[in-house]
Amino acid sequence: MTDLSAAHDAAVTDRAILTGSAYNTGNDLAARQSLYRWQEPRYDLPGIVVEQLHRTQGTVVDVGCGNGKFIERLGKDRPDLRLIGLDVSAGILADVPRPVAVADAVDLPFPSASVDAALAMHMLYHVHDIPTAINDLSRVVRPGGRVIASTNSERDKAELDRLWERAAGDVLGMDKGPARISLSARFSLGAAFSDIKTVELPGTITVRSPEPVTAHMKSYRAWANQHEVPFEETVERAREIVAGHIERFGSFEITCLGGILICTR
């Protein structure tokens, strides 16, 4: 029998998938981010990062910077900082403000205690060896510096999990289909810091058309082979289910639970 947990972990950390399709451009990441336009309350994540770094001077490195939205905001609000973006995918770095570099979170290209803060925003679940990445983040940050990490709870967007399983089941002719790929299912934070504070960011996404939901689901196309179902047919069936729900109830709601961890070295 296939170890579904091991197969899931292998899928979301596969370097060829991450650099070749999932994050070869910022399009799919932007599609996932766009769903939060319909969340209440709204959270300004880059603004929260700016606030948490208000006493930081010097160099801030954004590890797994993706499409660079945190670097852009810090560059605007804190032009005094030296900002460096890192990602495993050269393609997604194309439009990120320079300087940037292709680098792995488990082997950061900095001497020990050489940066003043590091960001690891919604990216640790893509790292094969999370404890090693945490230790390397701690290594490169000077004593007293900060590491800010973020992720979603395993309970985040449970409605989308149920929607996918129902749609996949309908496509396959069974009561319940295989679970969807969930990026936030992999996250841990080791004891590498003297102080860790958690800021929970709960909310509810309310949509009145199915398109935001299907756009979000389609952004997981890079992992279509791991879904074990016909991907396009399942997304279309999900669209039909959401459209029917909205017609009956007026909206479709998704419960969110994300959070930010502020870690002091």
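Each reported figure results from applying straightforward, stated rules to the coordinates on display, with no laboratory input. Quick caveat: nothing in here was measured; it's all calculated off a predicted structure. Here the Cβ is made from the backbone with ideal geometry for all residues, glycine too, and neighbour counts use every protein chain on show.
Below, the figures for the structure above:
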{"read-out": "Computed over the chain: relative contact order in percent, which uses C-alpha pairs under 8 Å that are six or more apart", "value": "22"}
{"read-out": "Lys pairs under 25 Å by Cα in the chain, provided they are eight or more residues apart or on distinct chains", "value": "7"}
{"read-out": "Label-point separation in nm, residue 76 to residue 155, each point 7 Å along Cα→Cβ", "value": "3.4"}
{"read-out": "At q = 0.15, 0.22, 0.24, 0.25 Å⁻¹, base-10 log of I(q)/I(0) for the stretch 78-146 (Debye sum, equal scatterers on each alpha carbon)", "value": "-0.50, -1.06, -1.22, -1.29"}
{"read-out": "Estimated vicinal HN-Hα couplings, Hz - the stretch 152-165 in sequence order (Karplus 6.51, -1.76, 1.60; Gly, Pro = x)", "value": "10, 5, 4, 8, 5, 6, 4, 4, 6, 4, 5, 4, 4, 5"}
{"read-out": "Helix-only [θ]222 nm of the chain, DSSP H runs n ≥ 4, -39500 (n - 2.57) each, per residue, nearest 500", "value": "-10500 deg cm²/dmol"}
{"read-out": "Kirkwood-Stokes translational diffusion coefficient of the stretch 4-264, alpha-carbon pairs, 20 °C, 1.002 mPa s, µm²/s", "value": "112"}
{"read-out": "Residue 34/residue 114 FRET efficiency (R0 25 Å; Cβ-Cβ; nearest 0.05)", "value": "0.10"}
{"read-out": "Stretch gain in nm, segment residue 174-residue 90, where the contour uses 0.36 nm per residue and the Cα spacing is subtracted", "value": "26.1 nm"}
{"read-out": "Total charge dipole magnitude, the stretch 65-109, about the Cα centre, Cβ charges on Lys, Arg, Asp, Glu only, Debye to nearest 20", "value": "220"}
{"read-out": "Around residue 172: net Lys/Arg minus Asp/Glu count, Cβ-Cβ under 13 Å", "value": "-2"}
{"read-out": "Along each principal axis, Cα extent of the stretch 1-116, largest first, Å", "value": "53, 41, 25"}
{"read-out": "Local electrostatic count at residue 240 - Lys and Arg +1, Asp and Glu -1, tallied over other residues with Cβ under 14 Å", "value": "-2"}
{"read-out": "Residue among 105, 222, 149 with the largest mean-square fluctuation in a Gaussian network model of the chain, springs linking Cα atoms under 10 Å", "value": "222"}
{"read-out": "³J(HN,Hα), Karplus 6.51/-1.76/1.60, whole Hz, each residue of the stretch 66-71, x for Gly, Pro", "value": "x, 7, x, 5, 6, 5"}
{"read-out": "Estimated distance in nm for a label pair at residue 25 and residue 257, the labels positioned 7 Å out from Cα along Cα-to-Cβ", "value": "3.6"}
{"read-out": "Long-range amide H partners of residue 145 with built H, under 5 Å", "value": "265"}
{"read-out": "Ranked packing of 41-51, 122-132, most packed first, by mean Cβ within 10 Å", "value": "122-132, 41-51"}
